[in-house]
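Chemist: Questions regarding the structure given below will be posed in turn.
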Amino acid sequence: MATRGLATRALSWLAGAAMVAAVLHTGQARAQIGPGLASEETVRAIMQKTTVHAEGLATPRGLLITPTGDMVVAEQGGGTIARIAADGKVTRIGGFRQPHDVAMDARGNLYVADTGNQRIAIVTPDRKVSTWVGDLKRPVDIAFNAAGELLVCEFTAHRVTAFASPQKRRVIVSGFQPHGLAIGADGSIYVSDLTDRRIVHVGADGKIDTFAVDMAMSIGIVIGQSGDVYVAQRDAGKVVRLTKGGKKLTILDRLKSPRDPVLDRNGNLYVAETATGRILKLAGRF
């Protein structure tokens, strides 16, 4: 499986000008032109290509960009973790059951939300796999905070738990089914609340409030360089941008079960299109 570009399929939103909402649909691109985009020539000038970064994956989700620029993907359907190098070469590690997400620590250890096995597994740089912490309640999303704690969305326990070690843990927030989290530069946490169809914000001081509403089946969150929040809505088939000013903008539409957007160091946005086995890339500075 090689990384390859396709013809232009979508547009992305241009900050400070207007929204151009991308639509992936049988190879066609359509633009929703907002105020300030007076001509098709102007639209074409800011169009950005959406390409297929990788395909042929087994129900991909849980994307991670490593410090070396490789992409790590949880293949839920294959029970494997795939690593995609910049040249398109793919290596895999198996032995998992419905893995949902991955995270990496400063030493290069890979942590896997091994959902079907109710555990967080650890994969060392020499590819040894073991259980880091077990007996969890359907762990689905994981991320490290600045203190080095591993935050885990325990879906059926209705909580987000922070692990300083397998033995040392604390509950961050509870009372709903969490499925997606991201950590801001200020230490605040954004969590997808599937129970109440919203995005919850947990401040660095522990204060909890609602950041966005009407966010049904939001599976995966990432924070852009501007501080705006990007969310994949699985059943709606779209990726939305939630601005700090409170606006909700659709940047991709008509996707097939999108999940778990992620950004690379240059600000390009990737999203797993789970139902097609593909990873899509939106070039830009998100």
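The values are calculated or read from the model by the stated rules, or taken from the named source; none is laboratory data. Everything numeric in this text was worked out from a predicted model, so none of it was measured. As a convention, Cβ positions derive from the backbone with ideal geometry for all residues, glycine included, and neighbour counts pool all protein chains shown. Protein only, heavy atoms only, side chains kept; ligands, DNA and RNA dropped before computing areas. Shrake-Rupley method; radii C 1.70, N 1.55, O 1.52, S 1.80 Å.
Chemist: Please go through region 92-110 and pick out each residue that is open to solvent by less than 60 Å² (accessible area, probe 1.4 Å) and more than 22 Å from E154 (Cβ to Cβ).
Modeler: Passing the criteria: I93, G94, G108.
Chemist: Which residues, taken from region 39-66, are modelled with pLDDT of 95 or more and either touching a Gly at 6+ places or on another chain (Cβ under 7 Å) or not in a strand (DSSP E or B) (or both)?
Modeler: E55, G56, L57, A58, T59, P60, T66
Chemist: Are any residues in region 165-199 hydrophobic (A, V, I, L, M, F, W, C), at pLDDT 95 or above and either within 17 Å of the chain's Cα centre (by Cα) or closer than 15 Å to I142 by Cα (or both), and if so, which ones?
Modeler: Those that are hydrophobic (A, V, I, L, M, F, W, C), at pLDDT 95 or above and either within 17 Å of the chain's Cα centre (by Cα) or closer than 15 Å to I142 by Cα (or both): V171, I172, V173, L181, A182, I183, I189, V191, L194, I199.
Chemist: Out of region 259-282, which residues are open to solvent by less than 40 Å² (accessible area, probe 1.4 Å), assigned to a loop (DSSP other than H, G, I, E, B) and out of contact with any Pro (no Cβ under 7 Å at 6 or more places or on another chain)?
Modeler: Across region 259-282, the qualifying residues are D264, G267, N268.
Chemist: Regarding region 118-125, can at least one residue be identified that is under 28 Å from L280 (Cα atoms), open to solvent by 10 Å² or more (accessible area, probe 1.4 Å) and part of a strand (DSSP E or B)?
Modeler: Checked against the condition, which is being under 28 Å from L280 (Cα atoms), open to solvent by 10 Å² or more (accessible area, probe 1.4 Å) and part of a strand (DSSP E or B), region 118-125 yields at least one hit.
Chemist: Looking at region 181-204, can you tell me whether even one residue there is exposed (fewer than 15 other Cβ atoms within 10 Å of the Cβ), touching a Lys or Arg at 6+ places or on another chain (Cβ under 9 Å) and either acidic (D, E) or not in a strand (DSSP E or B) (or both)?
Modeler: no
Chemist: When residues of region 84-117 are filtered for being in a strand (DSSP E or B) and free of Cβ contacts under 8 Å to residues at least 60 places away in the same chain, how many remain?
Modeler: Here the count works out to 13.
Chemist: Tell me which residues, restricted to region 205-215, are closer than 23 Å to T274 by Cβ and either surrounded by 12 or more Cβ atoms within 10 Å (Cβ to Cβ) or of a type in the set (K, R) (or both).
Modeler: Across region 205-215, the qualifying residues are A212, M215.
Chemist: Condition check: of a type in the set (F, W, Y), more than 25 Å from E273 (Cβ to Cβ) and open to solvent by 40 Å² or more (accessible area, probe 1.4 Å). Does F144 satisfy that?
Modeler: yes
Chemist: Would you mind stating whether D114 is of a type outside the set (S, T, Y), within 24 Å of A232 (Cα to Cα), modelled with pLDDT of 95 or more and more than 16 Å from the chain's Cα centre (by Cα)?
Modeler: Yes.
Chemist: Taking the conditions exactly as written (free of Cβ contacts under 8 Å to residues at least 60 places away in the same chain, surrounded by 22 or more Cβ atoms within 10 Å (Cβ to Cβ) and farther than 27 Å from L280 by Cβ), does I81 satisfy them or not?
Modeler: Judged against the criteria, I81 is not a match.
Chemist: On to the next question. Given the residues K256, K248, which is the only one that is open to solvent by 10 Å² or more (accessible area, probe 1.4 Å) and closer than 21 Å to V191 by Cβ?
Modeler: Among K256, K248, only K248 is open to solvent by 10 Å² or more (accessible area, probe 1.4 Å) and closer than 21 Å to V191 by Cβ.
Chemist: Is there a residue in region 200-220 that is within 23 Å of G69 (Cα to Cα) and at pLDDT 95 or above?
Modeler: yes
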